[in-house]
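Report on the structure given below.
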Amino acid sequence: FVSVQLVSRAVQQIWRTPQSICATRGYLHACRSFSSNEVKSAVTPAEITTTPIPEITDAFPHLQTHESIHKFSLEQPDEFWGRLARSRLEWQKEFQVVRDHDMEKSAFRWFPDGQLNVSVNCVDRHARQHPDRVALLWEKDEPGQEERVTYRELQELVCRMGNVLLECGVKRGDRVALYMPVMPLSVAAMLACARIGAIHSVVFAGFSAEALASRVQDAGAETVITADEAVRGGKVIKLKQVVDAAVAKCPTVRQVLVASRTGAQVNMGPKDISLEQVLSSASTECPPAVQNAEDLLFLLYTSGSTGSPKGVAHTTAGYLLYASVTHKHVFDYRDGDIFGCVADIGWITGHSYVVYGPLANGATTLLYESTPTYPDPGRYWETVSRLGLTHFYCAPTALRLLLRYGDDWVLRHDRSSLRVLGCVGEPLNQEAWHWFHGVVGDGRCDLTDTWWQTETGGIMISPRPSAPGAHINAGMPMRPMFGVLPVLCDPSGKVVEGKRVDGALCLGSIWPGISRTIYGDHKRFIDTYFAPFPGHYFSGDGAYRDEEGFYHITGRMDDVINVTGHRLGTAEVEDAMTEHPEVSETAVVGFPHPVKGEAVFAFIVLKEELESSQENIVADLKKLVRSQIAGYAVPDEIMVCPGLPKTRSGKILRRILRKVAAGQPDELGDISTLADPTIVQTIVNIYNTQH
Ligand code: PRX
């Protein structure tokens, strides 16, 4: 369905060998483990259980191990997912059809004739069964001030919120943008959208007004929900001010609902509505909208290698089922556990493993408002101890930061409640893995390194659940989840079979949680994920399949970088910087950073006649990136150079710039294709004088 030419061009654009990525991107630990015979450290979890899946094992008693269930899930997907969907979800109308996929059009439908409401599945049915169980455990920025919201209270809040939205004229299918702190009202707002059939688009409350405005506009949202201020790590972030600046650029916005987080006095204009005021008079009953399984549940904007951030679209039943199944079986979630995922709700991890997965399973889920080091580097573990968390799911960048402060910050807090540890967002390097497992988990907790993406909706590859007697290898996600078929492809698009091989990480099966489209641009969806390797979903990552058949992630193969676990398109940073009137050209690459994983390195070429000093321009550029995107996108290094290495056809050779930024000028490779090879030495000289 795409021409051979298009495929080969796309493959050429994305292809860099995993080894070269490893070298340039700082994933040396991963490369080492598969290029030498060094013994990997494997641990046997204290208690290996094959998490029971009664829906499957009752009918097929021979399916007991992860491997056998996995095989079954791929061979008989209708049987497998059909059973799970019936047993795990409450349907308004039962489905007859499990899957309806059109690979030609990259159009995937799960349970297409079924109907269910996500808020009923996440709240009402648990409020019916155990109304007083805590649903949300809100760990506020200041330690010791936690608040608890039971399922009964959450149901009331969601209904009130749903009625407020209805009264504001929000209709089924309308997009509602959320720019909010991590607080119960934010979760209620997400679920309230689901209750009335509206589509939420949560924008991480660290994004700038400009970034918020572009997301609001792309989604065509008429309603924005925000708060007066957010507090994080003792610092106040003036959310309402950011929203005011964003809304000024968004003619579609009709109304802004403003919640109170700090109680600060904020400017209230004609479009602004005090959320608490309208909530107090709203009814606590709000009949759930009848939702088709394939109705959109939410959009979540994420960075790609080109162009502006894309609105990754997830639908109702498939997403919820996948979030619920993975939350249960990757984390071995059991009734009564207190599930702690410290991600912000503005990212997919927050959506799937703070909100939808845990609530679909009737869990008590943590809402973590603070940072890893506030008020001190023991905060995470003090929280674990005070709240009795059984699970702790976080980002490797936080672990790398915390391990530098020493073990004492961990050891002084009781962590005996912990059973399962997890990580996501970037490679978990060996040092951090061993620290997390050995020090935080006392060597007795399972540690699950989970690989997945905004687009996949839920966890795709992770060590758990393990077959009895299986081991967990340090620093790799290892095993595909149910329904997931990892496929490695070579640059020509051919599938690479066997073990000890690497390639572009693709998925050869379609699972219920896969994103259905990029909002308003299905062609971009096809071109990005399905055109590069026809018949497969291409993740953008490279991977290695080791001698045991387990998967290691080697890093992105495109121009996306991963800064403190946040995905960032280098093109976005370049676009922001080229707005500066004195900048003529820019090229942005990632370089290895001991804590952030990757940091941003910007090469810039200035115009000939300058009015400002170079120092001022560099300072301006940092401000510009902060105001156009977010703080985490600000380059660690900005280097002014007289030109950029380009091919004769004018294409910038980023491969060379990545080597320079990584401090590896001796490994530049072939530079003969450059229009002016001397520019490379000039750039290296400038780098050397500055480092
Ligand atoms: O490069 C991979 C990296 O994060 C990317 C997805 O980013 P995002 O959509 O923001 O979602 C992050 C949270 C799910 C992937 O393409 N990534 C994610 N998990 C891992 C990882 N890289 C290595 N190991 C992981 N466990």
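The values are calculated or read from the model by the stated rules, or taken from the named source; none is laboratory data. This structure is a prediction, so every number in the text was calculated from the model and none was measured. As a convention, Cβ positions derive from the backbone with ideal geometry for all residues, glycine included, and neighbour counts pool all protein chains shown. Protein only, heavy atoms only, side chains kept; ligands, DNA and RNA dropped before computing areas. Shrake-Rupley method; radii C 1.70, N 1.55, O 1.52, S 1.80 Å.
What ³J(HN,Hα) values, in whole Hz, does the Karplus curve 6.51 cos²θ - 1.76 cosθ + 1.60 give for region 108-125 when θ = phi - 60°, with x put for Gly and Pro?
10, 10, 10, 6, x, 9, x, 9, 7, 10, 5, 5, 5, 5, 8, 10, 4, 5
Where the centre of each part is set by its Cα atoms, how far does region 509-569 sit from region 371-424, in angstrom?
30
What's the ranking of 520-531, 322-333 by average number of surrounding C-beta atoms within 10 Å, highest first?
So the order, starting with the most tightly packed, is 322-333, 520-531.
Please compute the Kirkwood hydrodynamic radius over region 354-452, one decimal place, Å, based on all pairs of different Cα atoms.
13.8
Tell me the volume per residue, in Å³, of the convex hull enclosing the alpha carbons of region 118-161.
72
Loop-only check: which GluC sites (Glu not before Pro) in region 608-691 are DSSP coil with at most 13 other Cβ within 10 angstrom?
Passing sites in region 608-691 are Glu608, Glu609, Glu611.
Mind running the shape call on region 494-607? Use the C-alpha gyration tensor, a ≥ b ≥ c as the square roots of the eigenvalues: rounded below 1.5 for a/c, prolate if a/b tops b/c, oblate otherwise.
Judged from the Cα gyration tensor, region 494-607 comes out oblate (a/c at least 1.5, b/c at or above a/b).
Which whole-Hz ³J(HN,Hα) couplings does region 56-61 yield from phi under the Karplus relation 6.51 cos²θ - 1.76 cosθ + 1.60, θ = phi - 60°, glycine and proline marked x?
Ordered by residue, 3J(HN,Hα) equals 9, 6, 5, 7, 10, x Hz.
With a cap of 14 neighbouring Cβ atoms within 10 Å, and only residues DSSP puts in a loop, list the trypsin sites (Lys or Arg not before Pro) found in region 381-473.
Those satisfying the criteria are Arg404, Arg412.
List, in the order given, every pair from Lys499/Lys523; Lys271/Lys523; Lys523/Lys646; Lys105/Lys596; Lys523/Lys596; Lys310/Lys622 whose Cα-Cα distance in the structure shown is over 27 Å.
Pairs exceeding the cut-off: Lys499/Lys523; Lys271/Lys523; Lys523/Lys646; Lys105/Lys596; Lys523/Lys596.
Roughly how compact is region 542-604, stated as its Cα Rg over 2.2 N^0.38 Å to two decimals?
1.42
Mind checking which of Leu624, Leu321, Ala259 is farthest towards the positive end of the chain's charge dipole, using Cβ charges of +1 (Lys, Arg) and -1 (Asp, Glu) about the Cα centre?
Checked the options; the winner is Leu321.
What does the accessible area per residue of region 248-372 come to in Å², with a 1.4 Å probe and no ligands, DNA or RNA counted?
With all protein chains present, region 248-372 gives 29 Å² per residue.
With 10 Å bins from zero, work out the P(r) of region 124-200 over every alpha carbon pair and list the percent per bin.
So the P(r) values, bin by bin, are 20, 44, 29, 6.
So which chymotrypsin sites (Phe, Trp or Tyr not before Pro) in region 88-149 are both in a DSSP loop and have at most 14 other Cβ atoms within 10 Å of their Cβ?
none
With contacts defined as alpha carbon pairs under 8 Å and 6 or more residues apart, what's the relative contact order of region 570-649 in percent?
Reported as a whole number, the value is 32 percent.
In terms of the ratio Rg/(2.2 N^0.38 Å) built on C-alpha atoms, what value belongs to the chain?
0.93
Give me, ordered by chain and number, the residues 5 or more places off Val342 or on other chains with an amide H under 5 Å from its own placed amide H.
It is Tyr393, by chain and number.
For the chain, give me the percentage of DSSP beta bridges that are antiparallel, rounded to the nearest 5 percent.
60
With a 1.4 Å probe and all protein chains left in place, how much of the accessible area of the chain comes from carbon and sulfur atoms, in whole percent?
Roughly 50 percent of what the probe reaches on the chain is carbon or sulfur.
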